[in-house]
Amino acid sequence: MARYTGPTSKIARKFGEPIFGPDKVLEKKNYPPGMHGANKRRKKSSEYGIQLREKQKAKYTYGVLERQFRNFFHKAQRSKGITGELLLQLLESRLDNVVFRLGLAPTRAAARQIVGHRHITLNGNVMNIPSHIVKPGDVIAIREKSKSLEVITNSIASGRHNLYSWVEWDNTSLAGKFLNRPNRDEIPENIKEQLIVELYSK
């Protein structure tokens, strides 16, 4: 599937947040990109503009394009519960995001590549679809012949494994488990999901 492959620092500066991970450029230039940078007077955003911006931020954060994002929204809308929270839970359940949360890749983009290149198994079977929705109880592991891959060994050495309560990592077997979908207050992303719901509900 097509995805955004342009300059990440420019997008991060647009939103004023390191949505693609730590960014040295953002630390130096924490203002929107453009010829006039911090000095440019910007018009006050309309309600629609604010809602659209929030949707774009969520799409860039999770690496999802419009059609798939809209499908996630409609799936959340049809489910029982709070639509905005369910939307984020579905995005968090994507295989590439779970690989990222388990600490097997430094960024979601790297996690997507690891999955796409068939380095990950799901319940013992090789899975190369980054958008696959992981279910509670599913086991995510590194494929045997991929355990010495540099990007994976470096990520494992960084010790970013058990930062999130909804995933569990076993360093001995090099396998993790998706325990449950996270509650909204457990998801650290700064996304105002209610604005996205309002946008799609118009």
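How many of the residues making up segment 97-113 are of a type outside the set (D, E, K, R) and farther than 19 Å from residue 168 by Cα?
Initially, segment 97-113 is screened for residues of a type outside the set (D, E, K, R), giving 97-100, 102-107, 109-111, 113.
Now restrict to residues that are farther than 19 Å from residue 168 by Cα: 109-110, 113.
Matching residues across segment 97-113 total 3.
Could you check residue 63 against (1) surrounded by fewer than 22 Cβ atoms within 10 Å (Cβ to Cβ); (2) modelled with pLDDT of 90 or more and say which number it fails?
(1)
Would you confirm whether or not segment 112-131 contains a residue that is at positive phi and modelled with pLDDT under 95?
No, the conditions are met nowhere in segment 112-131.
The conditions are (1) in a helix (DSSP H, G or I); (2) out of contact with any Lys or Arg (no Cβ under 9 Å at 6 or more places or on another chain); (3) within 19 Å of residue 185 (Cα to Cα), and residue 81 fails exactly one of them. Which is it?
Looking at each condition in turn, residue 81 falls short on (1).
Based on this model, can you work out whether residue 133 counts as touching a Ser or Thr at 6+ places or on another chain (Cβ under 7 Å), closer than 19 Å to residue 70 by Cα and not assigned by TED's automatic domain parsing to the domain that holds residue 69?
yes
The values are calculated or read from the model by the stated rules, or taken from the named source; none is laboratory data. Keep in mind the model is a prediction, meaning the values are calculated, not measured. No Cβ is skipped: glycine too gets one built from the backbone with ideal geometry, and neighbour counts run over all protein chains shown.
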